[in-house]
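Below is one structure, written out as C-alpha coordinates, with a few remarks after it.
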Amino acid sequence: MFIRTERSIQEFIRFYPVVSVIVFINLLLWLMIDVLQLQVGHSLYHFGVGHNYSVSYGEYWRLVTPIFLHAGLSHVLFNSFALVLFGPALETMIGKVRFIFIYFLTGIIGNVGTYIIDPMSTIPHLGASGAIYGLFGIYIYMAIFRKDLIDTGSAQIIKIIFIIGLITTFIQPNINIAAHIFGFIGGFALGPIALRHAQPFFLVRNRVRRAEHNDDVQFNPNRWQKKRMIPTAVRKNMLWIILGILVIFGIIGRFF
(Lines give C-alpha, C1' and ligand atoms only; values in the text may rest on other atoms or scores of the structure.)
Protein backbone atom coordinates (compact mmCIF):
# COMPACT_ATOMS: atom_id res chain seq x y z
CA MET A 1 0.00 0.00 0.00
CA PHE A 2 2.79 2.42 0.85
CA ILE A 3 5.30 1.39 -1.83
CA ARG A 4 5.22 3.86 -4.70
CA THR A 5 5.60 2.00 -8.00
CA GLU A 6 4.35 4.69 -10.37
CA ARG A 7 6.68 5.06 -13.34
CA SER A 8 6.39 8.83 -13.67
CA ILE A 9 4.92 11.94 -12.11
CA GLN A 10 2.27 11.94 -14.83
CA GLU A 11 1.19 8.43 -13.85
CA PHE A 12 1.04 9.42 -10.17
CA ILE A 13 -1.14 12.42 -11.01
CA ARG A 14 -3.45 10.26 -13.15
CA PHE A 15 -3.93 7.68 -10.41
CA TYR A 16 -4.12 10.10 -7.45
CA PRO A 17 -5.38 13.51 -8.65
CA VAL A 18 -6.66 14.69 -5.27
CA VAL A 19 -3.38 14.00 -3.45
CA SER A 20 -1.49 15.61 -6.34
CA VAL A 21 -3.57 18.81 -6.25
CA ILE A 22 -3.24 19.18 -2.47
CA VAL A 23 0.54 18.73 -2.61
CA PHE A 24 0.74 21.23 -5.49
CA ILE A 25 -1.25 23.84 -3.53
CA ASN A 26 0.91 23.33 -0.43
CA LEU A 27 4.14 23.78 -2.39
CA LEU A 28 2.82 26.69 -4.44
CA LEU A 29 1.75 28.66 -1.37
CA TRP A 30 5.06 27.92 0.34
CA LEU A 31 6.97 29.19 -2.70
CA MET A 32 4.86 32.35 -2.88
CA ILE A 33 5.26 33.11 0.82
CA ASP A 34 8.72 31.89 1.85
CA VAL A 35 10.79 31.77 -1.33
CA LEU A 36 9.45 34.41 -3.73
CA GLN A 37 8.10 36.51 -0.85
CA LEU A 38 5.37 37.94 -3.02
CA GLN A 39 3.04 40.55 -1.60
CA VAL A 40 0.04 38.39 -2.47
CA GLY A 41 1.73 35.52 -0.63
CA HIS A 42 2.14 37.59 2.52
CA SER A 43 -1.47 38.73 2.23
CA LEU A 44 -2.64 35.12 1.97
CA TYR A 45 -0.52 34.19 4.99
CA HIS A 46 -1.93 36.94 7.21
CA PHE A 47 -5.46 36.25 5.98
CA GLY A 48 -5.26 32.46 6.42
CA VAL A 49 -2.89 31.64 9.28
CA GLY A 50 -4.51 29.99 12.29
CA HIS A 51 -5.17 32.50 15.06
CA ASN A 52 -7.46 31.47 17.89
CA TYR A 53 -8.04 34.99 19.19
CA SER A 54 -9.26 36.07 15.74
CA VAL A 55 -11.48 32.99 15.48
CA SER A 56 -13.12 33.95 18.75
CA TYR A 57 -14.10 37.22 17.04
CA GLY A 58 -15.76 35.51 14.09
CA GLU A 59 -12.93 34.78 11.64
CA TYR A 60 -14.02 31.16 11.31
CA TRP A 61 -12.27 30.62 7.99
CA ARG A 62 -9.05 30.33 10.00
CA LEU A 63 -10.21 26.86 11.03
CA VAL A 64 -9.76 25.80 7.38
CA THR A 65 -7.10 27.92 5.70
CA PRO A 66 -4.14 26.90 7.94
CA ILE A 67 -4.34 23.42 6.40
CA PHE A 68 -2.72 24.83 3.24
CA LEU A 69 0.00 26.93 4.90
CA HIS A 70 3.40 25.79 6.18
CA ALA A 71 6.27 27.28 8.13
CA GLY A 72 9.53 26.60 6.35
CA LEU A 73 11.02 24.06 3.99
CA SER A 74 11.15 21.07 6.36
CA HIS A 75 7.52 21.61 7.39
CA VAL A 76 6.08 21.62 3.87
CA LEU A 77 8.36 18.79 2.72
CA PHE A 78 7.51 16.54 5.64
CA ASN A 79 3.75 17.00 5.31
CA SER A 80 3.87 16.66 1.52
CA PHE A 81 5.99 13.53 1.84
CA ALA A 82 3.55 12.04 4.35
CA LEU A 83 0.61 12.84 2.07
CA VAL A 84 2.32 11.29 -0.97
CA LEU A 85 3.16 8.19 1.07
CA PHE A 86 -0.12 7.59 2.90
CA GLY A 87 -2.73 9.45 0.82
CA PRO A 88 -2.80 7.46 -2.46
CA ALA A 89 -4.06 4.18 -0.99
CA LEU A 90 -6.96 5.88 0.80
CA GLU A 91 -7.86 7.99 -2.23
CA THR A 92 -8.05 4.79 -4.27
CA MET A 93 -9.95 2.78 -1.66
CA ILE A 94 -12.61 5.29 -0.62
CA GLY A 95 -12.85 7.48 -3.71
CA LYS A 96 -11.93 11.07 -4.48
CA VAL A 97 -14.96 12.84 -3.02
CA ARG A 98 -14.88 10.97 0.27
CA PHE A 99 -11.11 11.43 0.53
CA ILE A 100 -11.46 15.20 0.11
CA PHE A 101 -14.21 15.27 2.73
CA ILE A 102 -12.20 13.23 5.25
CA TYR A 103 -8.95 15.11 4.67
CA PHE A 104 -10.41 18.56 5.20
CA LEU A 105 -12.78 17.53 7.98
CA THR A 106 -9.99 16.00 10.06
CA GLY A 107 -7.83 19.06 9.39
CA ILE A 108 -10.67 21.28 10.61
CA ILE A 109 -11.17 19.05 13.66
CA GLY A 110 -7.48 19.50 14.47
CA ASN A 111 -7.83 23.29 14.27
CA VAL A 112 -11.05 23.25 16.28
CA GLY A 113 -9.25 21.21 18.94
CA THR A 114 -6.47 23.82 18.97
CA TYR A 115 -9.09 26.52 19.48
CA ILE A 116 -10.86 24.64 22.26
CA ILE A 117 -7.63 24.17 24.22
CA ASP A 118 -6.84 27.90 24.24
CA PRO A 119 -9.44 30.09 22.50
CA MET A 120 -7.72 33.35 23.52
CA SER A 121 -4.28 32.36 22.23
CA THR A 122 -2.52 34.95 20.07
CA ILE A 123 0.15 32.48 18.86
CA PRO A 124 -0.34 31.70 15.14
CA HIS A 125 -0.44 28.10 13.97
CA LEU A 126 -0.47 26.49 10.54
CA GLY A 127 0.13 23.24 8.67
CA ALA A 128 -1.62 20.13 7.36
CA SER A 129 -0.55 18.00 10.31
CA GLY A 130 -4.09 17.68 11.67
CA ALA A 131 -5.29 16.27 8.35
CA ILE A 132 -2.23 13.99 8.08
CA TYR A 133 -2.90 12.59 11.54
CA GLY A 134 -6.51 12.20 10.47
CA LEU A 135 -5.29 9.81 7.78
CA PHE A 136 -3.27 8.00 10.44
CA GLY A 137 -6.45 7.70 12.50
CA ILE A 138 -8.29 6.02 9.63
CA TYR A 139 -5.39 3.63 9.03
CA ILE A 140 -5.20 2.71 12.72
CA TYR A 141 -8.95 2.06 12.71
CA MET A 142 -8.44 -0.06 9.61
CA ALA A 143 -5.61 -2.02 11.22
CA ILE A 144 -7.76 -2.78 14.29
CA PHE A 145 -11.30 -3.20 12.98
CA ARG A 146 -11.03 -3.61 9.18
CA LYS A 147 -8.17 -6.04 8.75
CA ASP A 148 -9.74 -7.23 5.52
CA LEU A 149 -8.64 -3.96 3.92
CA ILE A 150 -4.98 -3.90 4.93
CA ASP A 151 -2.19 -6.47 4.78
CA THR A 152 -0.18 -7.37 7.86
CA GLY A 153 3.01 -5.66 6.67
CA SER A 154 1.27 -2.36 5.94
CA ALA A 155 -0.54 -2.51 9.28
CA GLN A 156 2.78 -2.94 11.09
CA ILE A 157 4.31 -0.02 9.17
CA ILE A 158 1.46 2.36 9.92
CA LYS A 159 1.46 1.45 13.62
CA ILE A 160 5.20 2.04 13.99
CA ILE A 161 5.13 5.28 12.01
CA PHE A 162 2.21 6.52 14.10
CA ILE A 163 3.98 5.70 17.37
CA ILE A 164 7.11 7.52 16.21
CA GLY A 165 5.01 10.49 15.13
CA LEU A 166 3.20 10.53 18.47
CA ILE A 167 6.48 10.52 20.39
CA THR A 168 7.97 13.33 18.30
CA THR A 169 4.75 15.31 18.79
CA PHE A 170 5.54 15.62 22.49
CA ILE A 171 9.34 15.99 22.39
CA GLN A 172 9.91 18.38 19.47
CA PRO A 173 9.46 22.13 19.98
CA ASN A 174 6.93 24.26 18.10
CA ILE A 175 4.55 21.35 17.47
CA ASN A 176 0.80 21.89 17.57
CA ILE A 177 0.05 18.97 19.86
CA ALA A 178 -3.69 19.65 19.93
CA ALA A 179 -3.96 19.54 16.11
CA HIS A 180 -2.14 16.19 15.99
CA ILE A 181 -4.23 14.60 18.74
CA PHE A 182 -7.60 15.93 17.66
CA GLY A 183 -6.87 15.23 14.01
CA PHE A 184 -6.07 11.62 14.86
CA ILE A 185 -9.17 11.25 17.03
CA GLY A 186 -11.28 12.71 14.22
CA GLY A 187 -9.85 10.29 11.67
CA PHE A 188 -10.31 7.30 13.96
CA ALA A 189 -13.91 8.31 14.76
CA LEU A 190 -14.68 8.79 11.07
CA GLY A 191 -13.15 5.42 10.19
CA PRO A 192 -16.49 3.55 9.94
CA ILE A 193 -17.89 6.20 7.59
CA ALA A 194 -14.73 6.61 5.53
CA LEU A 195 -14.26 2.87 5.02
CA ARG A 196 -17.87 2.00 4.29
CA HIS A 197 -17.95 0.03 1.03
CA ALA A 198 -14.18 0.44 0.72
CA GLN A 199 -12.19 -2.23 -1.09
CA PRO A 200 -8.58 -3.32 -0.56
CA PHE A 201 -6.08 -1.14 -2.38
CA PHE A 202 -4.61 -3.93 -4.50
CA LEU A 203 -8.02 -5.00 -5.81
CA VAL A 204 -8.90 -1.52 -7.00
CA ARG A 205 -5.49 -0.95 -8.59
CA ASN A 206 -5.60 -4.34 -10.34
CA ARG A 207 -9.02 -3.53 -11.74
CA VAL A 208 -7.76 -0.18 -13.09
CA ARG A 209 -4.72 -1.78 -14.68
CA ARG A 210 -6.81 -4.52 -16.32
CA ALA A 211 -9.09 -1.83 -17.77
CA GLU A 212 -6.07 0.00 -19.17
CA HIS A 213 -5.00 -3.17 -20.99
CA ASN A 214 -8.43 -3.90 -22.48
CA ASP A 215 -7.62 -1.83 -25.56
CA ASP A 216 -4.57 -3.92 -26.47
CA VAL A 217 -4.86 -5.12 -30.07
CA GLN A 218 -2.38 -7.96 -29.92
CA PHE A 219 -1.89 -10.58 -27.28
CA ASN A 220 1.63 -10.92 -25.94
CA PRO A 221 2.16 -14.18 -24.00
CA ASN A 222 5.10 -12.60 -22.17
CA ARG A 223 3.33 -9.40 -21.17
CA TRP A 224 2.99 -10.40 -17.51
CA GLN A 225 6.67 -11.25 -17.31
CA LYS A 226 7.50 -7.69 -18.27
CA LYS A 227 5.66 -6.13 -15.37
CA ARG A 228 7.84 -4.08 -13.15
CA MET A 229 8.53 -6.06 -10.03
CA ILE A 230 9.72 -4.62 -6.73
CA PRO A 231 12.95 -6.31 -5.58
CA THR A 232 12.49 -8.58 -2.58
CA ALA A 233 15.20 -6.72 -0.68
CA VAL A 234 13.28 -3.46 -1.10
CA ARG A 235 10.02 -5.00 0.11
CA LYS A 236 11.64 -6.52 3.16
CA ASN A 237 13.44 -3.31 4.10
CA MET A 238 10.66 -0.88 3.22
CA LEU A 239 10.05 0.01 6.86
CA TRP A 240 13.69 0.94 7.38
CA ILE A 241 13.69 2.94 4.15
CA ILE A 242 10.69 4.91 5.38
CA LEU A 243 12.20 5.46 8.79
CA GLY A 244 15.48 6.55 7.21
CA ILE A 245 13.69 9.14 5.09
CA LEU A 246 11.85 10.44 8.15
CA VAL A 247 15.14 10.79 10.00
CA ILE A 248 16.64 12.68 7.06
CA PHE A 249 13.73 15.10 7.04
CA GLY A 250 14.12 15.53 10.79
CA ILE A 251 17.78 16.43 10.34
CA ILE A 252 16.96 18.84 7.52
CA GLY A 253 14.40 20.51 9.79
CA ARG A 254 17.13 21.54 12.22
CA PHE A 255 18.71 23.78 9.60
CA PHE A 256 15.62 25.63 8.36
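Here are some notes:
- Residue list for the range 4-48, restricted to those being touching a Pro at 6+ places or on another chain (Cβ under 8 Å) and farther than 23 Å from PHE104 by Cβ: ARG4
- Any hit, the range 160-170, residues being in a helix (DSSP H, G or I), surrounded by 17 or more Cβ atoms within 10 Å (Cβ to Cβ) and in contact (Cβ under 8 Å) with a residue 40 or more places away in the chain: yes
- Those residues of the range 76-103 which are assigned to a helix (DSSP H, G or I) and at positive phi, in sequence order: none
- For the range 31-55, filtering for residues that are modelled with pLDDT of 95 or more and within 19 Å of LEU83 (Cβ to Cβ) leaves 2.
- Of all the listed residues (ARG14, ARG62), the sole one being in a helix (DSSP H, G or I), in contact with a helix residue (DSSP H, G or I) (Cβ under 7 Å, 6 or more places away or on another chain) and among the basic types (Lys, Arg) is ARG62.
- Candidates are the residues of the range 54-102 that are touching a residue at least 24 places away in the same chain (Cβ under 8 Å) and among the polar types (S, T, N, Q); the one that is surrounded by the most Cβ atoms within 10 Å (Cβ to Cβ) is THR92.
The values are calculated or read from the model by the stated rules, or taken from the named source; none is laboratory data. None of the values given here were measured: they were computed from a predicted structure. Ideal geometry is used to build each Cβ from the backbone, glycine not excepted, and the neighbour counts take in all protein chains shown.
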